[in-house]
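Notes for the one structure printed next.
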Amino acid sequence: MGAAIDFLRERGLTAQAKGRRIVVSPASKLTADVRRYVKAHRLELLAELAANDGLERRSHWQVTLGGKSICTMVGEPMTHAEALEAAHWRWPDSDILE
């Protein structure tokens, strides 16, 4: 697995992605240091957890409108479908380049 997940496993913890959040359990083993680590490495943890589901995720997607590039969305790793949904929220007629 990845370094961020390994950090948690070494402490007897497991992590799950719930949307854009990280749920670490068991809660009884959470310390202030682990909480800070999870906050600091949230994107890395999300990417490592997502890597096991077989779907491609990217941190940047090219948005087009009317066949012309209008911007690049940059942020948390997301699938093509998630990126398209995010682009449609702002630009209903937009598309995402593969």
- Message: Under 8 Å for C-alpha pairs, at least 6 residues apart: give me the relative contact order for region 1-62, rounded to a whole percent.
- Response: 32
- Item | Sparsely packed GluC sites (Glu not before Pro) within region 14-79, loop by DSSP, other Cβ within 10 Å at most 16 | E56
- Task: Enter the accessible area of M73 (Å², nearest 10), with the probe set to 1.4 Å and all protein chains included.
- Result: 40
- Starting from the Cα-Cα distance between V23 and R58, subtract it from 0.36 nm times their residue separation and give me the gain in nm to one decimal. 10.4 nm
- Task: At a 1.4 Å probe radius, which order do S28, S94, S69, S59 fall into by accessible area, largest first?
- Result: S28, S69, S59, S94
- Note on the structure: Quick calc: nm separation of the 7 Å Cα→Cβ label points for D95 and A3 -> 3.9
- Taking the dipole about the Cα centre of region 1-97, with the C-beta of Lys and Arg at +1 and of Asp and Glu at -1, give me whichever of Q16, W91, S59 is farthest to the positive side. Q16
- Message: Could you tell me the center-to-center distance, by alpha carbons, between region 79-98 and region 10-50 in angstrom?
- Response: 28
- Kindly provide log₁₀ I(q)/I(0) values, in the same order as q = 0.11 Å⁻¹, from the Debye equation applied to equal alpha-carbon scatterers of region 11-75. -0.38
- May I ask you to give the solvent-accessible area per residue for the chain, in square angstrom, as obtained with a 1.4 angstrom probe? 67
- Item | Simple Cβ-charge dipole of the chain, Lys/Arg +1 and Asp/Glu -1, about Cα centre, in debye nearest 20 | 560
- Item | Residue-averaged [θ]222 nm for the chain, counting only DSSP H segments that reach four residues, each worth -39500 (n - 2.57) | -11000 deg cm²/dmol
- Using only protein heavy atoms and a 1.4 Å probe, report how much of V74 is accessible, in Å² to the nearest 10. 120
- Message: Name the residue from T31, M73, L49 whose Cα lies farthest towards the positive end of the charge dipole of the chain, charges +1 on Cβ of Lys and Arg and -1 on Cβ of Asp and Glu.
- Response: T31
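The values are calculated or read from the model by the stated rules, or taken from the named source; none is laboratory data. Just so we're clear, the structure is a prediction, and the values are computed from it rather than from any experiment. Quick reminder, even Gly has a Cβ in these numbers, built from the backbone with ideal geometry, and neighbours come from all protein chains shown. Just so you know, the surface numbers come from the protein's heavy atoms only, side chains and all, with ligands and any DNA or RNA stripped out. Shrake-Rupley method; radii C 1.70, N 1.55, O 1.52, S 1.80 Å.
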